[in-house]
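Working notes, beginning with the structure itself.
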Ligand SMILES: Cc1cc2nc3c(=O)[nH]c(=O)nc-3n(C[C@H](O)[C@H](O)[C@H](O)COP(=O)(O)O)c2cc1C
């Protein structure tokens with residue numbers, strides 16, 4: 001088993017999913033440092049924003065050497081614009097460029113981008129031809145199964161992509177109209193895998209090492225992509241990778257480890273966003289980091305009431321201190 005995309009080895013074959021508002025530099029670094037993540041994805045970049053030089057988009061081009069290889073994702077509904085976006089991401093140093101053909105968010109679909117392309121395969125093809133011409137780095141496509149349930153186009157689109165010279169495909173096993181309801185259909189992903197020679201990465205509802213093993217078995221895919229399960233748990237890749245190679249389960253992160261990681265994450269966010277924006281974004285991450293931490297409900301309330309990063313870090317440090325004390329007490333009680 002091994003995942004090689006256009007000559008780039010992705011080892012372990014586990015990919016952090018692109019998640020808008022989540023997978024910026026800080027989060028990618030957390031996953032990378034925790035180990036086991038073979039490839040990180042950026043948030044999606046609007047090709048239109050790149051074309052019209054939106055300065056906000058420029059600040060999202062924030063990857064560093066320690067994250068490599070990095071896959072930068074672009075979305076757009078028009079071939080020339082996507083080509084400009086893809087080329088700009090390559091020029092900014094992306095190791096791979098991915099075209100989004102799965103995002104069902106109305107704002108994205110309205111511009112004919114993302115999942116809208118599942119309803120217009122000729123345009124999807126034109127976009128891939130243009131993107132392929134524009135970049136020399138490996139090119140990938142991330143798609144859902146189709147627009148509407150029972151109208152599966154992923155096999156067709158995967159074959160089109162392969163003919164256009166795309167180097168790998170990621171399939172999220174849901175239809176656009178399903179959003180996140182129902183379970184991801186891994187057997188449908190298997191059908192896509194069987195239909196092409198290029199690597200296929202399976203995505204959707206992989207949340208534990210056992211899920212990962214089953215997803216590999218059912219889909220026959222070359223790699224797995226993990227999104228939501230990594231929120232508040234950047235160690236998920238390491239646990240999955242270890243389980244796949246040894247059959248052994250590593251322990252889940254302890255509450256102390258979770259809180260320590262949350263503090264590091266918050267500090268990294270401050271560096272890229274400044275304190276105000278970092279504090280706002282960090283509240284969203286903390287809901288996940290404090291899952292399973294003793295007194296999570298009251299801790300969450302305290303976190304939500306904080307008004308600055310300084311206050312937020314203070315609450316986290318106090319929570320950590322009280323956990324450290326209770327761990328020390330337990331250890332000494334065990335000795336007695
Ligand atoms: C908050 C959030 C933001 C997302 N943003 C993107 C995105 O920018 N591009 C994309 O292709 N998919 C995006 N997705 C979809 C994920 O990449 C992934 O396909 C989906 O969450 C299913 O995988 P999972 O079950 O492992 O989370 C996003 C998902 C979430 C939860």
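The values are calculated or read from the model by the stated rules, or taken from the named source; none is laboratory data. What you are looking at is a predicted structure, and each value in this text was computed from that prediction instead of being measured. Cβ: placed from backbone, ideal geometry, glycine included. Neighbour counts: every protein chain shown.
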- Task: Tell me, yes or no, whether the stretch 135-152 has at least one residue that is in a helix (DSSP H, G or I) and either touching a helix residue (DSSP H, G or I) at 6+ places or on another chain (Cβ under 7 Å) or within 16 Å of the ligand (Cβ to nearest atom) (or both).
- Result: no
- Would you point out which residue out of 251, 255 is more than 17 Å from the chain's Cα centre (by Cα), farther than 19 Å from residue 40 by Cβ and at pLDDT below 95? 255
- (1) within 16 Å of the ligand (Cβ to nearest atom); (2) at positive phi; (3) at pLDDT below 95 all hold for residue 295 apart from (1)
- Only one of 34, 20 is under 16 Å from residue 66 (Cβ atoms) and at pLDDT 95 or above; which? 34
- Can you name the strands (runs of 3 or more DSSP E) wholly within the stretch 1-64 that have at least 1 residues being within 30 Å of residue 197 (Cβ to Cβ) and away from the ligand (no atom under 16 Å from the Cβ)? 3-5, 8-10
- Query: Which residues, counting only those in the stretch 167-187, are within 14 Å of the ligand (Cβ to nearest atom) and part of a helix (DSSP H, G or I)?
  - Reply: 176, 178, 186
- Task: Determine if the stretch 59-77 includes at least one residue that is touching a strand residue (DSSP E or B) at 6+ places or on another chain (Cβ under 9 Å), surrounded by fewer than 24 Cβ atoms within 10 Å (Cβ to Cβ) and on the phi > 0 side of the Ramachandran plot.
- Result: no
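Yes/no per residue for (1) buried (at least 23 other Cβ atoms within 10 Å of the Cβ); (2) in contact with a helix residue (DSSP H, G or I) (Cβ under 8 Å, 6 or more places away or on another chain); (3) assigned by TED's automatic domain parsing to the domain that holds residue 131; (4) within 19 Å of residue 114 (Cα to Cα):
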residue	(1), (2), (3), (4)
9	no, no, yes, no
36	no, yes, yes, no
40	yes, yes, yes, no
43	no, yes, yes, yes
